[in-house]
Amino acid sequence: MLYATTTPAAKRAAFRERLATGELLSLPGAFNPLSARLIQDKGFDGVYISGAVISADLGLPDIGLTTLTEVATRARQIARMTDLPAIVDADTGFGEPMNVARTVQELEDAGVAGLHIEDQINPKRCGHLDGKAVVDEATAIKRIRAAVSGRRDPNLLIMARTDIRAIDGMTAATDRAKALVDAGADAIFPEAMADLAEFEAMRAAVDVPILANMTEFGKSELFTTRQLADIGVNIVIYPVSLLRIAMGAAERGLDVLRSEGTLEPVVAEMQHRARLYELLDYEGYNAFDSSVFNFTVAR
Ligand SMILES: C[C@](O)(C(=O)O)[C@H](CC(=O)O)C(=O)O
Ligand SMILES: [Mg+2]
């Protein structure tokens with residue numbers, strides 16, 4: 001009932017323990033708090049909170065228009081609804097190194113288990129678009145150092161994302177990743193890897209956990225969890241997938257309503273009211289309610 005009961009500190013500690021096993025942890029992107037519950041119910045290891053989804057949800061493109069306040073608010077709403085650890089996309093950290101440190105504290109207060117800061121210039125753009133640019137190594141390092149110094153819970157996972165592969169190639173990407181690990185990054189998110197061999201090269205270059213971004217319609221092929229686990233990837237995210245699935249279904253439903261004047265043909269595809277109530281734990285609220293109202297006080 002209400003929010004999940006696992007504390008942010010416990011989620012962070014549990015996430016660190018799971019990561020230390022070396023197994024592949026699978027994190028679908030929650031496009032709202034309710035979908036975080038579904039992700040937990042289906043037995044995934046964590047939830048991802050995507051910057052692209054937060055932007056799209058507001059009707060905006062993913063080009064650095066969202067504010068720290070918007071991202072932290074959404075992260076808090078999603079993270080508190082699940083016992084799973086949540087990893088949030090902090091884009092470029094919302095400013096200069098001092099701002100990055102504050103971003104980390106705000107997101108830590110929002111209850112996430114980890115976050116990633118990328119090395120794109122401001123304003124950033126989706127990592128799978130062409131025409132990106134990255135900052136120099138010294139600036140990228142400053143962002144990660146600032147992030148690490150901002151954190152108060154040592155278990156908050158600070159992940160460095162590098163977008164340099166699409167600009168300067170794979171050697172630049174492994175060099176940048178090593179420098180970011182030396183700067184204190186707990187994990188590496190190598191953006192827009194072209195194939196499995198590139199993930200393998202990244203795996204060989206650093207000895208911290210690495211993340212694979214299995215976003216659809218992007219620069220990477222969609223590898224299976226088996227393929228990614230076999231080469232030692234530690235975290236896989238499906239950042240925008242649930243939003244794409246839901247929006248695809250919504251579009252098809254609206255077309256049916258428009259053409260047939262009824263949604264009857266698509267009712268079977270809808271989540272049933274009973275299932276929604278199960279996810280929302282109506283039962284729990286009923287029990288709470290009756291315990292309040294059936295309460296008798298001895299005089
Ligand atoms: C992971 C990502 O940063 C996100 O915001 O979810 C995006 C995903 C996408 O646009 O498909 C990205 O830059 O890869
Ligand atoms: Mg993003």
Can you bin every Cα-Cα distance in region 247-293 into 5 Å intervals starting at zero and give me the percent of pairs per bin, rounded to whole numbers? 5, 19, 17, 14, 12, 9, 9, 8, 6, 1
Whole Å is fine, so just give me how far the alpha carbon centre of region 89-150 lies from that of region 152-194. 11
Taking 0.36 nm per residue of separation and subtracting the Cα-Cα distance, what length does fully extending Leu276 through Thr171 add? 33.0 nm
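Rounded to the nearest 0.05, what FRET efficiency is calculated for Ser291 and Gln105 with R0 set to 41 Å and r the Cβ-Cβ distance?
Working: r = 38 Å, r/R0 = 0.93.
After rounding to 0.05, the efficiency reads 0.60.
Between Asp207 and Glu23, take the C-beta separation as r, use R0 = 22 Å, and let me know the FRET efficiency to the nearest 0.05.
Plugging the Cβ-Cβ distance into 1/(1 + (r/R0)^6) gives 0.85.
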Ile188, Ile210, Ile245, Ile78 arranged by Cβ crowding within 10 Å, fewest neighbours leading: Ile245, Ile210, Ile188, Ile78
Checking rank on 1-12, 33-44, with mean other Cβ inside 10 Å and highest first, the result is 33-44, 1-12
Report the extension gain between Asp255 and Thr139 in nm, rounded to one decimal, defined as 0.36 nm multiplied by the number of residues separating them, less their alpha carbon distance. 36.9 nm
Quick note on Thr215, Thr66, ordering by fewest other C-beta atoms within 10 Å, gives Thr66, Thr215
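Grab the eigenvalues of the alpha-carbon gyration tensor for region 215-267, scale each by 5, take roots, and send me the semi-axes largest first in whole angstrom. Write down the numbers at each step before the final one.
Values: eigenvalues 253, 21, 13 Å².
Value: 36, 10, 8 Å, ordered largest first.
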Over 30 Å (Cα to Cα) - which of Lys178/Lys219; Lys11/Lys132; Lys11/Lys142; Lys42/Lys132 fall in this group: Lys11/Lys132; Lys42/Lys132
How are the alpha carbon pair distances in the chain distributed across 10 Å bins from zero to the largest one, expressed in percent? 6, 27, 34, 19, 9, 4, 1, 0
Convex hull over the alpha-carbon atoms of region 93-170: what's its volume per residue in Å³? 94
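Can you tell me what share of the DSSP beta bridges in region 8-240 is antiparallel? A percent to the nearest 5 is fine.
Details: 1 of 25 bridges.
For region 8-240, the DSSP antiparallel bridge percentage is about 5.
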Give me the percent of Cα-Cα pairs in region 121-279 that sit more than 22 Å apart, rounded to a whole number. 54
Please label the shape of region 84-124 as rounded, prolate or oblate, based on the square roots a ≥ b ≥ c of the eigenvalues of the alpha-carbon gyration tensor (a/c under 1.5 means rounded; beyond that, a/b larger than b/c means prolate, else oblate). oblate
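None of the figures in this text is laboratory data; all of them are computed from the coordinates on show. Computed from a predicted model, the values in this text were never measured in an experiment. So basically every Cβ, Gly included, is an ideal-geometry build from the backbone, and we count neighbours across all protein chains shown.
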